[in-house]
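Chemist: Sharing a structure here in structure tokens format.
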Amino acid sequence: MNEINLNKNVFDIRANYKIAIIPKDTLLFRRFHDNKIHPLMFFGFDEFSTSSNKENLKNDLQVWTTKKTIISTFLIVDGVFGSPNYYNELQFLYFIFSNEEKYYLDIKHYKNPQRLDFINFLKENNIDSWVTYTEGNKKHLMELFLFTNINKDFVKFKKYISSKSNPVLFDKNTTDKIIFLDFKDLCKTSV
């Protein structure tokens, strides 16, 4: 995940985007029916960006942590974190992949039969995770989608926090730990 192909003869999609560097020991949040490591995992950087699925919102909040630094493709352009002028590049990448326009929620949805093909396309282009804004994003909440072959090496489960105990479960937002760099600057930096 942290290797960068610097071969100038290879077009690298990542060169068009910023990179989100998520340091080791960053807290991540998730609502899901189990706390197992899966090949495809969405995480929020606070409790409010953990799920848009109404069924998952009934689940207790899971607190995870990064086991090592994660270098992820930041799929937001024309703005910075918190900027009202942003564009989610997920739709554009999907169009490159399929020559078909789709709403970004349809791309992320697990029932989309082409999602795995799209993920494989991204992996072939050295992208094995992304950070983007969540859907219906009124508060500029961001999420991490990990789809590496070795997610177990990057994240670990810490604990559950009961959703019945407190309406505001965990007043923490870990986006302030993320470092954003242009891809070309990452090539000059050792992480």
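Chemist: Kindly flag which residue pairs out of 67/158; 123/177; 18/152; 111/159; 68/177; 18/177 have an alpha-carbon separation exceeding 21 Å in this structure.
Modeler: Violating the 21 Å limit, Cα to Cα: 123/177; 18/152; 111/159.
Chemist: Another question, then. To the nearest 0.05, how large is the calculated FRET efficiency for residue 96 and residue 38 if R₀ is 41 Å and r is the Cβ-Cβ distance?
Modeler: It comes to 0.95.
The numbers here are math on the coordinates, done by the rules we state, and not lab data. As the structure is a computational prediction, the values presented were derived from the model and not from experiment. Heads up, the Cβs are rebuilt from the backbone with ideal geometry, glycines too, and the neighbour counts pull from every protein chain shown.
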